[in-house]
1. Given Cβ point charges of +1 (Lys, Arg) and -1 (Asp, Glu) and nothing else, what value in debye, to the nearest 20, does the dipole of the chain about its Cα centre take?
2. Which value at 222 nm does the chain reach when only helices count, each DSSP H run of 4 or more adding -39,500 (n - 2.57), with the total divided by all residues and rounded to the nearest 500 deg cm²/dmol?
3. For the chain, with the dipole built from +1 on Lys and Arg beta-carbon atoms and -1 on Asp and Glu ones, taken about the Cα centre, which of Val156, Ile80, Val29 lies farthest toward the positive end?
4. Rank by packing, highest mean first: peptides 135-141, 329-335, with packing defined as the count of other Cβ atoms within 10 Å averaged across residues.
5. log10 I(q)/I(0), Debye, Cα-only segment 70-196, no solvent, q = 0.14, 0.16, 0.20 Å⁻¹?
6. Of the listed peptides 12-21, 66-75, what is their order by residue-averaged count of other C-beta atoms within 10 Å, with the highest listed first?
7. For the chain, build the charge dipole from Cβ charges (+1 Lys, Arg; -1 Asp, Glu) around the Cα centre, then report which of Leu104, Ile256, Leu320 sits farthest towards its positive end.
8. Using a simple spin-label model with points 7 Å from Cα along the Cα→Cβ vector, what separation in nm is obtained for Ala259 and Arg281?
Amino acid sequence: MNLPIAARLGTPVHRTSLFYFSLYMLPAVANPYLPLWLADQGISETEIGTINAVPIFVMILLNLVVGRIADKASDWRQVIIFGALFAGIIPVGLFFVQGFWSILIVWALIIVPFQAIAPVADAATIRLARRTGANFGAIRLWGTIGFMCMTLTAGVLLDQFGVSIFVTIILAVSLFRGLISLQLPYFRAHEGVQSEPGTKLEPLSEFQPVSPLVATRLKEIWRPWFFLPLLGASLLHGSHMLQMTFGALLWREQGISAAIIGPLWAVAPAGEILVMLYFNRIATRFSARHLIFLATVFAVVRWLGFAMAPPIWGYVLLQLLHLGSFALAYMGIVNFIANWTSENISAQAQSAFVVIRQVATVIAMAGSGFLVATIGNQAFYVAAFVAALGGALVLISLMLMSPKREMREQVLSKS
């Protein structure tokens, strides 16, 4: 029976979708415009790379702890809400800081909670989606929609009012995310907790994996066939850091205005929507590791194109390749981990991958400042090499574990 609109909007799936809409608004503003604001504050290129890298380094030390706390909590939502609320008030400090060290400290306090709750949200949401029969990609795409809307809005505001409005926008999106987190549903079904309208949450039980490939303890994710795709996807993600950290700055040096940078940046996540909507169909035809490898191919082509500094229409085409270089990789790795880990280590497994990814990201960000200062836009050739190396690691995993066996065992584990 169809539910009224108000009831449908109150379901766990829709409430989680709304949270994802708010979740990535912060990086939508920070990724393209933080370098511009920092440069306006007199921060050097090397220091910009450090400010971007330090919060990630901090999370390398904390992510597994956060994931373990989330898995041990009565529900994953508790950790998500706490992190979102804490990160919602910290940006006030940006109005009062000057100089490298004070900006570094406040920015780290803004970014660390965001990075802590993102893998927990992914782990909780994909389990919710599988338990309710929902499409994880259709939930996650609202994060992309929010990212796109905020990127375009921020571009218009910065073009109209200048870089000084950056801090105000960061505070606004952080507060919005914190408030939206309060309406998150319970991701687990507990005795005495009623499911929301229109959604049946099956009670949790001890997971008895049919397939021996399914990890029930965290140490089992270090098996070579499993670990190499995590490392390859991490290198692929690291190859994006040059664009994330210095892309807008390099574009401005090429004469591209802030009014164009915003839409140009928003082109990239536009393609994500298609991948996320149709990922379930794609995943039935290809293994997750094949999709991660394909993402590395997209990335190599994309970064080689960036290194050639094409005209704006060329950048538009290259930005569309983000649907492969990021979206396929993201959906592939989240599903890969969920396929081969039990629910009792869900958040920890996603957080473990994030730790590996963050190590690659810190190195990439720290190196990006040096590369841009030394060879400028030609640094994208290095990014292409890093993406290719990630693809090679995924290929080795495919040789260690036959994709046919993986997909056969996946069917058994769901039966």
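Laboratory data are not the source of any read-out in this text; all were calculated from the coordinates shown. No experiment lies behind these values; they were computed from the predicted model shown. A quick note on method: Cβ atoms are made from the backbone with ideal geometry, for glycine too, and the neighbour counts reach across all protein chains shown.
1. Details: 25 positive and 17 negative charges, 234 e Å.
Dipole of the chain, to the nearest 20 debye: 1120 debye.
2. Values: 17 runs with 307 residues, N = 415.
Theoretical 222 nm ellipticity from helices: -25000 deg cm²/dmol.
3. Highest projection toward the positive end goes to Ile80.
4. Details: 135-141: 22.3, 329-335: 25.3.
Result, highest mean first: 329-335, 135-141.
5. Taken in order of the listed q values, log10 I(q)/I(0) reads -0.73, -0.90, -1.21.
6. Working: 12-21: 21.4, 66-75: 18.9.
Answer by packing, highest mean first, reads 12-21, 66-75.
7. Sorting the options by dipole projection puts first Leu320.
8. 3.9
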